[in-house]
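A.B. asks: Take a look at the following structure, please.
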Amino acid sequence: MSNPTEKGSVLLVEDEENIADLVQVYLEREGYKVTKTATGEDAIEAYAAVRPRVVLLDVGLPGIDGIEVCKRIREHGSVPVIMLTARDSEIDKVLGLEIGADDYVTKPFSPRELLARIKAVLRRSETVPTIEVREIAGRSIDRGRREVRHDEEVIALTPKEFDLLWYLTENKGLVLTRDQIMDAVWGYEYYGETRTVDAHIRQLRKKLGDDFPIRTKWGIGYQLEP
Ligand code: CA
């Protein structure tokens, strides 16, 4: 087993004790250092103190809920956040609002599944960036800075929105199916939950503007027009 400092620390925010304990035991056995909190207020404090590599965040919390906690964490940087959701309505909230979560798992989940998600978000967030800037329809997309600019103004994208946009630029002109996008951007099978793709495309369009050429190919998927 590798030592905990190597894998880094996880902030786990979950008010259901049995779930929190299960996740903690499992992740610690895998070599992560786990800091556990049960309220949103404590989570925000612990976040500042611990500087975790990844945050696991329950949506339904007493007091400040997980959605709000995620937004506040996002104000301070781009640490990967995985939401733990209980109901379909919560998933819609996580996907539909611009809260900037990287991923979510639905309860009940297995610790193993959660670990796979953690590894995937860490892999994506810590890939060594190469200096590369692409110009599309007047937007400059900077891979190294993970930043998009339009008329010198930065368009704030979540980490996942950026990955999705970059993937589209890499395949400019090609029609991509939702499954292809899911696979490439999320890195594993989502069991057909391709509405995640739709939700992120929607956000991209909103942020990049109507004239940005992402086209819907009805019944197939999406295309960044050449
Ligand atoms: Ca809860």
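The values are calculated or read from the model by the stated rules, or taken from the named source; none is laboratory data. Computed from a predicted model, the values in this text were never measured in an experiment. All accessible areas refer to the heavy atoms of the entire protein, side chains included, with ligands and DNA or RNA removed. Shrake-Rupley method; radii C 1.70, N 1.55, O 1.52, S 1.80 Å.
A.B. asks: Could you tell me the relative contact order of the range 35-76? Use alpha-carbon pairs under 8 Å, at least six residues apart, and round to a whole percent.
C.D. replies: 45 percent
A.B. asks: Could you tell me what percent of the accessible area of the range 133-224 is made up of carbon and sulfur, with a 1.4 Å probe and every protein chain present?
C.D. replies: 45 percent
A.B. asks: Tell me whether the range 9-125 comes out rounded, prolate or oblate; compute the Cα gyration tensor, take square roots of the eigenvalues as a ≥ b ≥ c, and use a/c under 1.5 as the rounded threshold.
C.D. replies: rounded
A.B. asks: Moving on. Can you tell me the Rg and Dmax of the chain, counting just the alpha carbons, in angstroms?
C.D. replies: 17.8, 51
A.B. asks: Excluding ligands, DNA and RNA, what is the solvent-accessible area per residue of the range 133-224 at a probe of 1.4 Å, expressed in Å²?
C.D. replies: Averaged over the residues of the range 133-224, the accessible area is 51 Å².
A.B. asks: Taking the chain as the reference, fit the longest principal axis to its C-alpha atoms, fit the long axis of helix 17-29 to the helix C-alpha atoms, and give the angle between the two in degrees, 0 to 90, nearest 10.
C.D. replies: 80 degrees
A.B. asks: Taking the range 133-224 as the region of interest, what is the percent of Cα-Cα pairs per 10 angstrom bin, listed from the shortest bin to the one with the maximum distance?
C.D. replies: That works out to 16, 54, 26, 3, in percent per bin.
A.B. asks: Using θ = phi - 60° and the Karplus form 6.51 cos²θ - 1.76 cosθ + 1.60, what ³J(HN,Hα) does each residue of the range 73-90 get, whole Hz, x for Gly and Pro?
C.D. replies: 4, 4, 5, 10, x, 10, 4, x, 10, 10, 8, 9, 10, 9, 9, 4, 5, 6
A.B. asks: Let me ask something else about it. Quick one: work out the % antiparallel among DSSP beta bridges in the chain, nearest 5.
C.D. replies: Among the beta bridges of the chain, antiparallel pairing accounts for roughly 50 percent.
A.B. asks: Could you tell me what percent of the accessible area of the range 9-125 is made up of carbon and sulfur, with a 1.4 Å probe and every protein chain present?
C.D. replies: 50 percent
A.B. asks: For the chain, take the longest principal axis of its alpha carbons; what is the angle in degrees between that and the long axis of helix 111-125, to the nearest 10 within 0 to 90?
C.D. replies: 50 degrees
A.B. asks: To test your reading of the geometry: what angle, between 0 and 90 degrees and rounded to tens, separates the Cα axis of helix 195-208 from the longest principal axis of the chain?
C.D. replies: The helix 195-208 is inclined about 60 degrees to the chain.
A.B. asks: Sticking with this one: Taking a threshold of 21 Å on the Cα-Cα distance, which of the pairs Lys36/Lys119; Lys93/Lys207; Lys119/Lys217; Lys93/Lys206; Lys36/Lys160; Lys71/Lys206 fall above it?
C.D. replies: Over 21 Å apart, Cα to Cα: Lys119/Lys217; Lys36/Lys160.
A.B. asks: Now, a different point. Per residue, how much accessible surface does the range 9-125 expose to a 1.4 Å probe? Answer in Å², no decimals.
C.D. replies: The answer is 43 Å² per residue.
A.B. asks: Ok, one more. Can you list residues whose amide H is under 5 Å from Tyr104's amide H, if they're 5+ apart or on another chain and H is modeled 1.01 Å from N?
C.D. replies: Met83
A.B. asks: Right, here's the next one. List the residues whose amide H sits under 5 Å from the amide H of Ile64, counting only those 5 or more places along or on another chain, with H placed 1.01 Å from N in the peptide plane.
C.D. replies: For Ile64, the qualifying residues are Gly40, Glu41.
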